[in-house]
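Have a look at the structure below before the remarks.
Throughout, read-outs are computed from the coordinates displayed, never taken from laboratory work. Remember, predicted model here, so these are calculated numbers, not experimental data. When we count neighbours, we look across all protein chains shown, and the Cβ atoms used for this are built from the backbone with ideal geometry, even at glycine.
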Amino acid sequence: MNQILAINSSISQRLLATIPDLLVNRSDLSDVPVPHLTPDTVAGIRAVATTKDELSAQGLSDDLSAELQEATILVIGAQMYNFSISTTLRSWLDHVLRPRVTFSFSELCPLGLLRGIRAIVIQARGGLYGEGPSKVLDFQEPYLKLLLGFVNADLLAFIKGENLA
């Protein structure tokens, strides 16, 4: 069965019509933000959880990572803030980019553990950053390409809405 995980975005009706067994799991990070990692919670994601706060962070990370691993298509709505992504999207990424769960380390390099997931990123930007002199200020797209590639997601497209301010 095909399944989409949509992070703060809407899905094209055409896509829903072409894949009859498609399930859509929507998560709006503005309505239900993922908490930022803190010194009290980070071990729940990056190490071995032992405290109540670490175990709570690990449980949330387990849930978010499971949603990601079940998806065959990931759609991310990424508005540009200060030339990069929002902190809410960053918190979600901090919880799902997890050693031994979505990536591992080999002797030579990191190894992405996601298989068969395709990513579409819909970008909203106030200015023009895809070309011209402001292109060097675009830390959003390269950053997302790096992180999605890090876990082995295949990038289908970056769709840009620019000059929206």
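Taking loop as defined by DSSP and a crowding limit of 15 other beta carbons within 10 Å, which chymotrypsin sites (Phe, Trp or Tyr not before Pro) in the stretch 64-103 fit?
PHE83
Using r as the Cβ-Cβ distance of ASP21 and LEU113, and R0 as 22 Å, what FRET efficiency do you calculate, to the nearest 0.05? Before the final figure, lay out the partial values.
Numbers: r = 25 Å, r/R0 = 1.13.
Once rounded, the FRET efficiency stands at 0.30.
With springs connecting C-alpha atoms under 10 Å apart, model the chain as a Gaussian network and identify which of ARG98, ARG118, ARG46 has the largest mean-square fluctuation.
ARG46
Taking the chain as a Gaussian network, where each spring joins two C-alpha atoms under 10 Å apart, which residue of ALA66, ALA57, ALA78 fluctuates the most?
With Cα springs under 10 Å in the chain, the top fluctuation among ALA66, ALA57, ALA78 is at ALA66.
Taking the alpha carbon gyration tensor of the stretch 3-161, what are the square roots of 5 times its eigenvalues, largest first, to the nearest whole Å?
Here the semi-axes work out to 25, 20, 16 Å.
Within the stretch 105-165, which GluC sites (Glu not before Pro) sit in a loop by DSSP and count at most 12 neighbouring Cβ atoms inside 10 Å?
GLU107, GLU131
Can you tell me which lysines have their Cα less than 30 Å from the Cα of LYS135? Leave out same-chain residues fewer than eight positions away.
Partners within reach: LYS145, LYS160.
Rank SER106, SER56, SER65 by mean-square fluctuation in a GNM of the chain with C-alpha springs under 10 angstrom and give only the top-ranked residue.
SER106
Based on the Cβ-Cβ distance of GLN3 and ASP62, what FRET efficiency does E = 1/(1 + (r/R0)^6) give at R0 = 25 Å, to the nearest 0.05?
0.90
Please compute the length gained on full extension between ALA165 and ARG46, using 0.36 nm multiplied by the number of residues separating them and subtracting their Cα-Cα distance.
Value of the extension gain: 39.1 nm.
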